[in-house]
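Structure first, commentary second.
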Amino acid sequence: MPEAPGSTDHGAVVERQFGAQAAAYLSSSVHAQGQEFIQLRERVGELDAPRVLDLGCGAGHVGFQLAELASEVVAYDLSPRMLAVVSEAAGERGFGNIRTAQGVAEALPFAAVSFDVVCSRFSAHHWRDVGLALREARRVLKPGGLAVFIDVAASEQPLFDSFLQTVEMLRDTSHVRDYAPSEWAKMVGEAGLVVTASSRQRLRLDFETWIARMRTPDVMRDAIRHLQSQVGREVRDAFEIGEDGSFTTDMLVLWATKEHV
């Protein structure tokens, strides 16, 4: 029998949304490319053969960028089908030091102080409890270790924030929330990590590939396009909404560390 509406838990929704599209995320230019990779490689390259946790690894792009700089990269994700794509791609690229592990961000199956680097890119907006996940990240990070969180950032202005959260949810029912920079700073601090730097980037999203990547139903696609046409000029300008629905949003790159006790 089909499940009744609302009977599927969040983890199952995430797997439903992403599992079938794992290969699409491997080839996605938004996920495979980014200025932040330059910063990430520079910072990790300063460390001596670090052990890296790619938290919410998706199709594995962070791991592929860092594998040659690390002693080991653990690609961790909720979706078994995503992890299968990572394993296959890592083998094809000759990265024998990438291994995969499956689970949720809020309960990491790793020993305390076991990683030199914890990195999460485009994953946190799917987590049910970001605060708990960040505390778990701190737990497994070594004192003095490097943490970096990269994600789409919400606006501090309610009008723009409401628009972004709405189109995100219409496109992807596994979306929980994009957080504003002030929210990130507060949550990271409350988790016991110390913010050392943060920067903002602008991310252009091609509407058709953005929709296709998530297999968004036509009714939801049409709702997004209708919403884009009905919002005020200030919203259309802030997101640089194009005639084809393509738009630009903010992305946050936040660096933190775990202080020595």
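Things worth noting here:
- Single residue of the range 122-168 satisfying the filter (of a type in the set (Val, Ile, Thr) and crowded, with 20+ Cβ neighbours inside 10 Å) that is farthest from residue 260 (Cα to Cα): 167
- Test: residue in the range 188-201 that is without any contact (Cβ under 8 Å) to a residue 60 or more places away in the chain, among the basic types (Lys, Arg) and either under 22 Å from residue 108 (Cα atoms) or open to solvent by less than 20 Å² (accessible area, probe 1.4 Å) (or both): no
- Test: residue in the range 85-98 that is of a type in the set (Gly, Ala, Ser), in contact with a Phe, Trp or Tyr (Cβ under 6 Å, 6 or more places away or on another chain) and either closer than 23 Å to residue 142 by Cβ or open to solvent by 20 Å² or more (accessible area, probe 1.4 Å) (or both): no
- Test: residue in the range 159-174 that is polar (S, T, N, Q) and more than 23 Å from residue 128 (Cα to Cα): no
- Single residue of 208, 136, 168, 183 found to be within 15 Å of the chain's Cα centre (by Cα) and either outside any loop (DSSP other than H, G, I, E, B) or on the phi > 0 side of the Ramachandran plot (or both): 168
- Filter result for the condition that a residue is assigned to a loop (DSSP other than H, G, I, E, B) and either more than 27 Å from residue 249 (Cα to Cα) or open to solvent by 20 Å² or more (accessible area, probe 1.4 Å) (or both), over 101, 112, 105: 112
- Considered as a group, the residues in the range 149-188 that are touching a His at 6+ places or on another chain (Cβ under 7 Å) and closer than 19 Å to residue 222 by Cα include one that is modelled with the lowest pLDDT, and that residue is 174.
- Here residue 212 clears all of (1) more than 27 Å from residue 37 (Cβ to Cβ); (2) open to solvent by 30 Å² or more (accessible area, probe 1.4 Å); (3) hydrophobic (A, V, I, L, M, F, W, C) except the condition numbered (1).
Yes/no per residue for (1) among the basic types (Lys, Arg); (2) in a loop (DSSP other than H, G, I, E, B); (3) open to solvent by 60 Å² or more (accessible area, probe 1.4 Å):
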| position | (1), (2), (3) |
| --- | --- |
| 34 | no, yes, no |
| 38 | no, no, yes |
| 41 | yes, no, yes |
| 53 | no, no, no |
| 59 | no, yes, no |
| 66 | no, no, no |
| 83 | no, no, no |
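- Subset of the range 211-246 (residues that are charged (D, E, K, R) and outside any loop (DSSP other than H, G, I, E, B)): 213, 218, 221, 222, 225, 233, 234, 236, 237
- Among the residues of this structure, residue 223 does not count as one that is modelled with pLDDT under 95, over 24 Å from residue 39 (Cβ atoms) and small (Gly, Ala, Ser).
- Within the range 70-81, being within 14 Å of residue 58 (Cβ to Cβ) and not in a strand (DSSP E or B) holds for 78, 79, 80, 81.
The values are calculated or read from the model by the stated rules, or taken from the named source; none is laboratory data. Just so you know, these numbers come straight off a predicted model, no measurement behind them. Note: ideal-geometry Cβ built from the backbone for every residue, glycine included; neighbour counts use all protein chains shown. Surface areas here come from the heavy atoms of the whole protein model, side chains and all, with no ligands, DNA or RNA. Shrake-Rupley method; radii C 1.70, N 1.55, O 1.52, S 1.80 Å.
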